[in-house]
Amino acid sequence: METEKIRNLNDEELVRQEKQSAEQLFRLRFQMKLGQNEGVKKLRDLRKDVARIKTVARERALGLHGSSLQPAAETAVKPAKAKKAKPAGKEAR
């Protein structure tokens, strides 16, 4: 499913499509384990569809897309603090 089609779905349809794709993915994995299906491309496409659907749902939850765009400064996520690297050669005693 294309990203634009996913973006045009409302929230209810988005949840329904996610459940349907996840169920298809489960069934396809099950068939592959039983050796009934050799279609790796379909499996890959379904995984990507589920990821696209979850991405669009998350973007909507954060308000990143749609008519209610917020300024980037308000929606920016603070980066995590980086841990200092221990000097090479010195080990804890």
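The values are calculated or read from the model by the stated rules, or taken from the named source; none is laboratory data. These numbers were taken from a predicted model, which means no experiment stands behind them. Here the Cβ is made from the backbone with ideal geometry for all residues, glycine too, and neighbour counts use every protein chain on show. Each accessible area value is taken on the protein alone, full model and side chains, heavy atoms only, with ligands, DNA and RNA left out. Shrake-Rupley method; radii C 1.70, N 1.55, O 1.52, S 1.80 Å.
Descriptive notes on the structure:
- The set of residues in the range 27-48 being closer than 30 Å to G63 by Cα and without any contact (Cβ under 8 Å) to a residue 12 or more places away in the chain consists of R44, D45, K48.
- Considering the range 23-69, the residues that are open to solvent by less than 90 Å² (accessible area, probe 1.4 Å) and charged (D, E, K, R) include one that is nearest to E4 (Cα to Cα), namely R52.
- Of all residues in the range 1-11 being part of a helix (DSSP H, G or I) and free of Cβ contacts under 8 Å to residues at least 24 places away in the same chain, the one that is surrounded by the fewest Cβ atoms within 10 Å (Cβ to Cβ): E4
- Search result, residues across the range 12-22 that are open to solvent by 70 Å² or more (accessible area, probe 1.4 Å) and over 16 Å from the mean Cα position of the chain (by Cα): E12
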